[in-house]
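The values are calculated or read from the model by the stated rules, or taken from the named source; none is laboratory data. Predicted, not measured: the structure shown is a model, and the values here were computed from it. As a convention, Cβ positions derive from the backbone with ideal geometry for all residues, glycine included, and neighbour counts pool all protein chains shown. For the accessible areas, the whole protein counts, side chains as well, though only heavy atoms, and no ligand, DNA or RNA atoms are used. Shrake-Rupley method; radii C 1.70, N 1.55, O 1.52, S 1.80 Å.
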Amino acid sequence: MGEVFLCHDSRLHRKVALKCLTSDEPAEAHANVLREARAVARLTHPHIASVYDVLQQDGRAFIVMEYLDGMTLKTCI
């Protein structure tokens, strides 16, 4: 449902994961990202990355999340 990038939060000097949709995704997909971010932001669990922010720019939706260093899901499976 999107791509995830490792980024640097220059204001707080930390690594973050940035999940984003491409601009050609339908508006419904962008609404789903916002819904996902709201749901995850309500949860606190060691196996769930924290949501720091939700952004929209130039027709794209972004979720700024806690970066967790480790294996990818693909490697785990």
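Details
- Taking all protein chains together, 8, 30, 13 sort by accessible area into 13, 8, 30, largest first [probe 1.4 Å].
- Computed from Cα atoms, the angle from the helix 27-41 axis to the main principal axis of the chain rounds to 30 degrees.
- With only Cα atoms counted, the chain has Rg and Dmax values of 12.8, 35 Å.
- Charged-residue dipole, Cβ positions (Lys, Arg, Asp, Glu), the chain about Cα centre, Debye nearest 20: 280
- Taking each residue as 0.36 nm, the span from residue 47 to residue 14 lengthens on full extension beyond its C-alpha to C-alpha distance by 9.9 nm.
- For the options 66, 36, 28, a Gaussian network treatment of the chain with springs between C-alpha atoms closer than 10 Å singles out 28 as fluctuating the most.
- Per-residue [θ]222 nm for the chain (sum of -39500 (n - 2.57) over DSSP H runs n ≥ 4, rounded to 500): -7000 deg cm²/dmol
- Accessible area per residue for the chain is 78 Å², calculated with a 1.4 Å probe on protein heavy atoms, without ligands, DNA or RNA.
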